[in-house]
Amino acid sequence: MKTVSSLLDAHWYERYRQISKLNIRSSIYDVTDRCNLRCKGCFFFSSGEHEVAREEKDIGKWETFIENEMARGVNLAILIGGEPTLCPDRIEAFYQRLPSFCATNGQIKVDRKRFPDLMVGISLWGDEEDEKILRGKDTFAVSSAHYAGDANAYYLYTITPKQLGKTEKIIRKIKDAGLKVHMQLLSNDEGVDGFSWQAEELTAIRAEMDAMLDRYPETVISSKYYHQIITTGRMCGRPFGWLECPSVTEPLDKRQPQPKRLIGFIRWASDLRTTHRCCTSETRDCRTCKDGAAHMSWVMVNKRAHMNSTKDLQNWIEVYEMFAKLYRFIPW
Ligand code: SF4
Ligand code: SF4
């Protein structure tokens, strides 16, 4: 049987060793049901997830809930919504207790005196034109003014088919703002005309993402294997989808046979009782899912499938490192 040490040289083995001790146990929390934008294609609103529960307003209940989550073994809280920055007290309840990551549209600045090193992922859906169509405004103008040069913030750039040939312009703007960027693909949950991926567009965007990583390695946090996985939806000859997805809420996961999955993962609604099916839209057809974190996690939980060759295992390490950088378990 092939072993990790037989496949890796000293350099790669050390990289493997650094990540293999991390033991990341994440869960996702809807901090609020409200948002200061209403993007076309927002998985939260388009799937009605904002209506399934009433948000808990008692901060003491949030604190107790978070402590119970820590007792359950969670060591990474991913805060989403709605827009978490509408509720800084709830962010603080997490921040004071465990490593936390805040997804935001960047229109309200996280108070850096209160949250000096909170990792912030700022959503961006394309250039000014796309953002106005999909989100009603040029969010970058505001978010880049709020976060320029911030060492604990990066852009989460959701690429749409309309962005083909334009990604470099965006990456340069982000570089010029002194920030990093991670790329993922739009799933177009609300079927906006012209924003659904065609096969040839996925091939083209993969090449473009690879080129961006080659040209801007200090700015782009990514890996070519991740680009391959997210654009083809295939890993080690297997198709991504419901039967393979690692990011299903554990108590709701009745799949047989059980695929490799994130241990203890739950996506909680903001009433602190209701849970959602998975890390993204409750109603999305899994065959159309392009969720970046789910694809990343799919690779990460399938180490054994990547032990056929040195290259496969190096690919696995790079994806794991990318995830660990994005959630600040290892430095950029
Ligand atoms: S900013 Fe985020 S949560 Fe708000 S509507 Fe847009 S995608 Fe949804
Ligand atoms: S929509 Fe995506 S993340 Fe959710 S269960 Fe389906 S494949 Fe997984």
**Study point:** Residue in region 42-55 that is modelled with pLDDT of 95 or more and surrounded by 17 or more Cβ atoms within 10 Å (Cβ to Cβ) present
**Key:** yes
Exercise for review: Give me a count of the residues in region 63-94 that are buried (at least 22 other Cβ atoms within 10 Å of the Cβ) and of a type in the set (Phe, Trp, Tyr).
Suggested key: 1
Study note, to complete from the structure: Over region 38-50, the set of residues over 19 Å from residue 286 (Cβ atoms) and touching a residue at least 12 places away in the same chain (Cβ under 8 Å) is 38, 39, 40, 50
Point to revise | Residues satisfying the stated conditions in region 115-138, i.e. part of a loop (DSSP other than H, G, I, E, B) and in contact with a helix residue (DSSP H, G or I) (Cβ under 7 Å, 6 or more places away or on another chain) | key: 115, 118, 125, 126, 127, 137, 138
Exercise for review: For region 78-86, indicate whether the set of residues that are more than 27 Å from residue 246 (Cβ to Cβ), away from ligand 1 (no atom under 13 Å from the Cβ) and without any contact (Cβ under 8 Å) to a residue 40 or more places away in the chain is non-empty.
Suggested key: no
Exercise for review: Could you tell me which numbered condition residue 73 fails, if it satisfies all but one of (1) at positive phi; (2) within 13 Å of ligand 1 (Cβ to nearest atom)?
Suggested key: (2)
Exercise for review: Collect the residues in region 140-169 that are among the aromatic types (Phe, Trp, Tyr) and in contact (Cβ under 8 Å) with a residue 40 or more places away in the chain, keeping them in residue-number order.
Suggested key: 147, 154
Study note, to complete from the structure: Note: among 120, 142, just one is surrounded by fewer than 18 Cβ atoms within 10 Å (Cβ to Cβ) and among the β-branched types (Val, Ile, Thr), namely 142
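Quick grid of which residues meet (1) within 16 Å of ligand 1 (Cβ to nearest atom); (2) of a type outside the set (Lys, Arg); (3) in contact with a Cys (Cβ under 6 Å, 6 or more places away or on another chain):
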residue: 135; (1), (2), (3): yes, no, yes
residue: 163; (1), (2), (3): no, yes, no
residue: 169; (1), (2), (3): no, no, no
residue: 204; (1), (2), (3): no, yes, no
Practice item. Please find, among 169, 175, the residue that is of a type outside the set (A, V, I, L, M), modelled with pLDDT of 95 or more and within 23 Å of residue 323 (Cβ to Cβ). Key: 175
Review point. Just to be sure, is residue 189 under 24 Å from residue 46 (Cα atoms), surrounded by 21 or more Cβ atoms within 10 Å (Cβ to Cβ), out of contact with any Leu (no Cβ under 9 Å at 6 or more places or on another chain) and not aromatic (Phe, Trp, Tyr)?
Key: yes
Exercise for review: Output the residue which, of all residues in region 279-328 that are within 17 Å of residue 220 (Cα to Cα) and outside any helix (DSSP H, G or I), is nearest to the chain's Cα centre (by Cα).
Suggested key: 327
Study note, to complete from the structure: residue 115 vs (1) surrounded by fewer than 18 Cβ atoms within 10 Å (Cβ to Cβ); (2) in contact (Cβ under 8 Å) with a residue 12 or more places away in the chain; (3) more than 16 Å from ligand 1 (Cβ to nearest atom): all pass except (1)
**Study point:** Looking only at region 222-234, and only at residues there that are crowded, with 20+ Cβ neighbours inside 10 Å and not small (Gly, Ala, Ser), the one that is farthest from ligand 1 (Cβ to nearest atom)
**Key:** 225
Check your understanding: Do the conditions hold for residue 33, that is, is it buried (at least 20 other Cβ atoms within 10 Å of the Cβ), among the charged types (D, E, K, R) and more than 16 Å from ligand 2 (Cβ to nearest atom)?
Key -> yes
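One line per residue, one yes/no per condition, for (1) without any contact (Cβ under 8 Å) to a residue 60 or more places away in the chain; (2) aromatic (Phe, Trp, Tyr):
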| residue | (1), (2) |
| --- | --- |
| 171 | yes, no |
| 179 | yes, no |
| 185 | no, no |
| 210 | yes, no |
| 216 | yes, yes |
| 225 | no, yes |
| 236 | no, no |
| 252 | yes, no |
| 257 | yes, no |
Review point. How about region 157-186: which of its residues are crowded, with 21+ Cβ neighbours inside 10 Å and within 14 Å of residue 131 (Cα to Cα)?
Key: 157, 158, 159, 160, 163, 167, 170, 186
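The values are calculated or read from the model by the stated rules, or taken from the named source; none is laboratory data. Predicted model only: the values in this text are computed from it and were never measured. Virtual Cβ from ideal backbone geometry, glycine too; neighbours counted across all protein chains shown.
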